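**Q** Structure incoming, see below.
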Amino acid sequence: MAAGVAWLFYQSAFAMLFLSPIPFVYCRYRIGMDRDHYRKVVSGQFRELLNCVNNALRAGDSPENAFREGYKEVRFEYGDYAPVTIEMERVTGGLDNRIPLETLLEEFAERAGTEEIREFAEVFRIAKRGGGNMPEILARTSTLIEERMDVENEIRIMLGNRRLEQRIMDLTPFMIIFYIGVTSPGFFDVLYHNPEGAAFMTMCLAAYFGALVLSEKILAVTV
C-alpha cells in the first residue's frame, strides 16, 4: 500500500520511508472495523439468547437455569464457535464454580464491549438484588434493547448505499492518477522529483486523508 501511494504521488522509493506509517494506520483502522463487526454479531446473537432466557423464566426456571437453557439453545442454533456460544460457555462454567450470575454477566459485557449487554447486566444485577419480578423486568429490558437494535439495523441498511459510494470515492483519486499516468505519459512529470511538486502532492495527500477521516465520522451513526 505504501509502495503504491509512493509511486502514484511521488514516483520515488525514498517516499516509502515517509509513507511507512500508512500500513500501521490502516491495520488499526481494520482492527477497529473488526471490533465493530464483532460487537454487532454478539449483539444480534445476544438478542436471541434473551428470548430463550425469557421463555425459561416464564416457565418457572431460576435465572441460573434459564441462562443454562439459553446456552443450549444458542449452541444449537449458532454452533460451538459462535461468539455468544463461547461467552455463554464461560458463564455456565462460572455458575458451576459458584460464581454469582450477575458477576459473570458483567464480565461478559466487559469482554463484548457492547452497550446493550452492559445495560442488561446492570439491570439484571439491580433486579436480582431488589427482588423484583425478574421475568417482567428482563422482558421489558429485552424489548427496549431489541427496539434500539432494530433502529440501528434500519440505519445501517439505509447507509449501505452511502458506504458503497464512499468506498468508490476513496479509490477514485488513485484511479484518476493511475489512468492519466498510463494514458498520458509525462503529464505529471512537473510534479515529480522537485520540491515544489512534492509539496503540492503532499498537500493533496493530506487533504485526501482528511476527507477520508471526515467521511468515516459522517457515516458513523450511533443510537
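**Q** Which fully enclosed helices (runs of 4 or more DSSP H) of segment 81-142 have 3 or more residues being among the basic types (Lys, Arg)?
**A** 115-130
**Q** Could you please give the count of residues in segment 6-35 that are surrounded by fewer than 13 Cβ atoms within 10 Å (Cβ to Cβ) and without any contact (Cβ under 8 Å) to a residue 24 or more places away in the chain?
**A** Within segment 6-35, residues that are surrounded by fewer than 13 Cβ atoms within 10 Å (Cβ to Cβ) and without any contact (Cβ under 8 Å) to a residue 24 or more places away in the chain number 15.
**Q** Mind counting the residues in segment 64-102 that are open to solvent by 50 Å² or more (accessible area, probe 1.4 Å) and not charged (D, E, K, R)?
**A** Of the residues in segment 64-102, 8 are open to solvent by 50 Å² or more (accessible area, probe 1.4 Å) and not charged (D, E, K, R).
**Q** Looking at segment 157-175 only, could you name the residues that are surrounded by 14 or more Cβ atoms within 10 Å (Cβ to Cβ) and over 30 Å from residue 7 (Cβ atoms)?
**A** Scanning segment 157-175 gives a single hit, 159.
**Q** Restricting to segment 189-207, what's the tally of residues that are among the aromatic types (Phe, Trp, Tyr) and open to solvent by less than 40 Å² (accessible area, probe 1.4 Å)?
**A** Number of matching residues: 1.
**Q** Another question, then. Hey, residue 53 hits all of (1) free of Cβ contacts under 8 Å to residues at least 12 places away in the same chain; (2) surrounded by 12 or more Cβ atoms within 10 Å (Cβ to Cβ) but one; which does it fall short on?
**A** Just one mismatch for residue 53, condition (1).
**Q** In addition: Can you find, within segment 208-221, the residue that is least open to solvent (accessible area, probe 1.4 Å) among those that are without any contact (Cβ under 8 Å) to a residue 60 or more places away in the chain and of a type in the set (Val, Ile, Thr)?
**A** 213
**Q** For segment 122-159, give me the residue count where each residue is more than 25 Å from residue 107 (Cβ to Cβ) and at pLDDT 75 or above.
**A** Residues that pass the stated criteria total 11.
**Q** I've got another one for you. Sort out which residues of segment 29-65 are outside any helix (DSSP H, G or I) and not acidic (Asp, Glu), and write them in order of number.
**A** 59, 60, 62
**Q** Can you tell me which residues in segment 84-118 are of a type in the set (D, E, K, R) and under 25 Å from the mean Cα position of the chain (by Cα)?
**A** 87, 89, 90, 106, 107, 110, 111, 115, 116, 118, listed by residue number.
**Q** If a residue must be out of contact with any helix residue (DSSP H, G or I) (no Cβ under 8 Å at 6 or more places or on another chain) and farther than 19 Å from residue 11 by Cβ, how many such residues does segment 161-186 contain?
**A** Here the count works out to 7.
**Q** Among the numbered criteria (1) hydroxyl-bearing (Ser, Thr, Tyr); (2) within 30 Å of residue 19 (Cα to Cα); (3) open to solvent by less than 50 Å² (accessible area, probe 1.4 Å), which one does residue 179 miss?
**A** (3)
The values are calculated or read from the model by the stated rules, or taken from the named source; none is laboratory data. Predicted model only: the values in this text are computed from it and were never measured. Using ideal geometry, Cβ is built from the backbone for each residue, glycine included, and neighbour counts are taken over all protein chains shown. Please note that ligands, DNA and RNA were not included when accessible areas were found on the heavy atoms of the full protein model with its side chains. Shrake-Rupley method; radii C 1.70, N 1.55, O 1.52, S 1.80 Å.
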